[in-house]
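Undergrad: Below is one structure. I have some questions about it.
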Amino acid sequence: MRVLKALVVVGIVAALAVGFLVYLPFGPAGETFVEIAPGTGTLGIARQLQQAGIVRSAVAFDALAVWKTVTRRGAGTLKAGEYRFDHAATVEEVYDRLRRGDVYTVTLVVPEGYNIFDIANAVAAAGLGSREDFLRAEQKDTELIAEWVPEGSAASLEGYLFPDTYKFSRRATPLLMLTTMVRRFRQETTRLGVAKGQVARTVTLASLVEKEVHLDAERPEVASVFENRLAAGMPLQTDPAVSYASLLRGTWTGVIHQSELKSDSAYNTYTHTGLPPGPICNPGVAALRAVLHPAKTDYLYFVADANGATRFAATLAEHDANVAAYRAGAKQ
């Protein structure tokens, strides 16, 4: 009888111990990061978690992992990566997070039309590194686009950093971020059917279309204007390219001055015919598709109207009338 009572007591104590170690929440009061290296075993992970104050007992965590494997209840491979913990949790919750691979990442949003300077600012704002380091890397690592641009002829990765929402670890290097964005560019241009030999021209023209209008429905018509001007040997006369030249020189003030319209920069599409030497921003799918499938028009000019829409014209007289209407609307 005494032995039975003793066993009951031991069982109760064991159950309480298991409940305390496994099911009673425990964890850090503040933000704590734990990085699990690839190849780390379950017991090694358990010890890391205990040392970081994420679980009370490494033994309890390891025992739970064994139990799940034996019973096949929620078992799985624990994923490597950096994890962020900021509140108390049960051992089972911690285990499930590592099984799901719920690693900590920083979100970086790159909208359509961002140029390299915009992206560098976004990287710095997200806490993923300095603006200067990112810009140095994107100028140095141009071999990433060697399949489209002859090696040594690209001064930048501008145009090839595809707009998207990215998730990176806190320790992501500029090279890793750039490689990821170029990989997305490759995926999208392949999906759109851009011929490899036409990628450089397509992305450069698409960057102009991206910056000139914001309505996707108008992009094919703008692309047609540029194509018609190129075919006629007319300068493109696009202000965003002039602005970009000033950005590269570090002299951009937010307003285009007459001196900039007369500059000798190869990006000055008022004084040079043909396309600029490279993209002026990173275009999205709509702009790329517009260049691949421009509208069939005889338009040579366009200007925004008072409501923000774009008016197109085939003759200079029509264009002058549209410009006059735009100026009248702006005054009102």
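Undergrad: Looking at segment 71-109, which of its residues are assigned to a strand (DSSP E or B) and among the aliphatic types (A, V, I, L, M)?
TA: Matches in segment 71-109: Ala89, Val106, Leu108, Val109.
Undergrad: Within segment 167-263, considering only helices (runs of 4 or more DSSP H) that don't extend past its boundaries, which have at least 1 residues that are in contact (Cβ under 8 Å) with a residue 60 or more places away in the chain and closer than 13 Å to Leu292 by Cα?
TA: Correct list: 174-192, 199-212, 219-232.
Undergrad: It is to be established whether one or more residues within segment 36-52 are at pLDDT 90 or above, outside any helix (DSSP H, G or I), surrounded by fewer than 18 Cβ atoms within 10 Å (Cβ to Cβ) and not small (Gly, Ala, Ser).
TA: Yes, segment 36-52 has at least one match.
Undergrad: Name the residue, out of Ala304, Ala286, that is among the aliphatic types (A, V, I, L, M) and modelled with pLDDT of 95 or more.
TA: Ala286
Undergrad: Now for a different question. Before we move on, is Leu128 in contact with a Phe, Trp or Tyr (Cβ under 7 Å, 6 or more places away or on another chain) and assigned to a loop (DSSP other than H, G, I, E, B)?
TA: Working: in contact with a Phe, Trp or Tyr (Cβ under 7 Å, 6 or more places away or on another chain): yes; assigned to a loop (DSSP other than H, G, I, E, B): yes.
The answer is yes for Leu128.
Undergrad: Mind checking whether some residue in segment 109-119 is over 28 Å from Gly284 (Cβ atoms), acidic (Asp, Glu) and surrounded by fewer than 17 Cβ atoms within 10 Å (Cβ to Cβ)?
TA: Among the residues of segment 109-119, not one is over 28 Å from Gly284 (Cβ atoms), acidic (Asp, Glu) and surrounded by fewer than 17 Cβ atoms within 10 Å (Cβ to Cβ), which makes the answer no.
This table checks each residue for (1) farther than 22 Å from Phe117 by Cα; (2) out of contact with any Ser or Thr (no Cβ under 8 Å at 6 or more places or on another chain).
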| residue | (1), (2) |
| --- | --- |
| Arg229 | yes, yes |
| Met234 | yes, no |
| Gly250 | no, yes |
| Thr271 | yes, no |
| Gly278 | no, no |
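Undergrad: Still on this structure, please answer the following. Could you tell me which of the residues Ser169, Ser130 is in contact with a strand residue (DSSP E or B) (Cβ under 7 Å, 6 or more places away or on another chain), small (Gly, Ala, Ser) and under 30 Å from Thr32 (Cα atoms)?
TA: Criteria check complete, one pass: Ser169.
The values are calculated or read from the model by the stated rules, or taken from the named source; none is laboratory data. As the structure is a computational prediction, the values presented were derived from the model and not from experiment. We place every Cβ from the backbone using ideal geometry, glycine too, and count neighbours over all the protein chains shown.
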